[in-house]
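Below is one structure; the comments refer to it alone.
The numbers here are math on the coordinates, done by the rules we state, and not lab data. Everything numeric here is computed off the predicted structure, so don't read it as measured data. Note that each Cβ is placed from the backbone with ideal geometry, even for glycine, and that neighbours are counted across all protein chains shown.
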Amino acid sequence: MSVSREDFSIAFRSALLKRGGAQKFSVLSLIFLALIIFFLDVYGTKFTKPVRGFINDVVYRVTFLASTPTRFFPQAGKDIASYLNVREENERLKVELEKYKSLELNVEFLTEENQNLQKILETEYFNKNLSNIILAKVLVDKNSPFLKSIIINKGSKEGIIKGMPVTQNKYLVGRIVETNYLSSRVLLLNDLNSRIPVTFDEKSTQAILTGGGTRKPTLSYLPEDYEFEDDITVFASGKDGIFSAGTPIGKTIYTGEVELFVDPNQLSFVTVNLIKPSKEIF
């Protein structure tokens, strides 16, 4: 009799785990079967034992099926939670990896910038003219198809005025055309508005270095029938009262262009010559 009561209790609790119309029918069915088992256990004979055994088997199987979700879904829930945790950790690691990549790129950039700065500081030109020049960092590269200029982080606060020549190492790159208190704009040699009197070759041929917005400015106002040769150094003539005579600029190409010593598209640091121009710049 105790077995039958236990069967009844188990079946009843299992059935209550379900909801809905079909589940209510299952509850009533199990209650009915449990009552039959109870009466068979009390009043049964040897002929009723097979029937009671059959009903017990049914109850056991229903109880097992009813309890299966409670045994299966906890593990499934754990698996799903584990999957979500792994996915969340994977996303976090991706974010961390991107941070490290960004830091690595920053270190690479700073290393290259430091190397460029070190090259300038170690030049003989810089050390000889230390009292007359200011080292400046390029803040903005204001390039367009024809207008080529840069913004540097030094201005009138450091004594910079309009017209002062700008170099990198000892090579000419342009001149100051606008000053602010903490910044200045530099017109580069390849700007469309750049015109510089220059001299070159053994005959000290005079010409005007004219910017055209391209990488290589051209030589204009040359003697008639002048034949260009490659690899002739071009210097500022100093006739404009702005640039010091003898400042190197680049080398000639047979096409009449000049290959600049300093690539205007690769400027990170420049030096400003603090000598006041002898000619007023408009």
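General observations
- Compactness index (Cα Rg / 2.2 N^0.38 Å), region 201-259: 1.06
- For region 134-273, the relative contact order is 25 percent, taking Cα pairs closer than 8 Å that sit 6 or more residues apart in sequence and dividing their mean separation by the residue count.
- Reciprocal mean inverse distance between Cα atoms of region 134-273 - Kirkwood radius, Å: 15.0 Å
- The modelled label-to-label distance between SER244 and PHE228, using points 7 Å beyond Cα along the C-beta direction, is 2.9 nm.
- Amide N proximity, region 135-164 versus GLU178 label position 7 Å along Cα-to-Cβ, cut-off under 15 Å: 139-144, 147-156, 162-163
- Between SER220 and THR205, the modelled labels are 1.7 nm apart [label points 7 Å from Cα along Cα→Cβ].
- Listed cross-link partners LYS157/LYS216; LYS142/LYS203; LYS142/LYS239; LYS157/LYS251; LYS170/LYS203 are compared with a 26 Å cut-off, the Cα-Cα value being larger for LYS157/LYS216; LYS142/LYS203; LYS142/LYS239; LYS157/LYS251.
- Virtual spin-label span in nm between GLU158 and ASN85, 7 Å along Cα→Cβ: 5.7 nm
- Applied to region 181-198, the Karplus parametrisation 6.51 cos²θ - 1.76 cosθ + 1.60 on θ = phi - 60° returns per-residue 3J(HN,Hα) values of 5, 10, 7, 8, 10, 10, 7, 7, 5, 9, 5, 4, 9, 7, 9, 9, x, 10 Hz, with x for Gly and Pro.
- Ranked by the mean number of other Cβ atoms within 10 Å per residue, highest first, peptides 247-254, 166-173, 219-226 order as 166-173, 247-254, 219-226.
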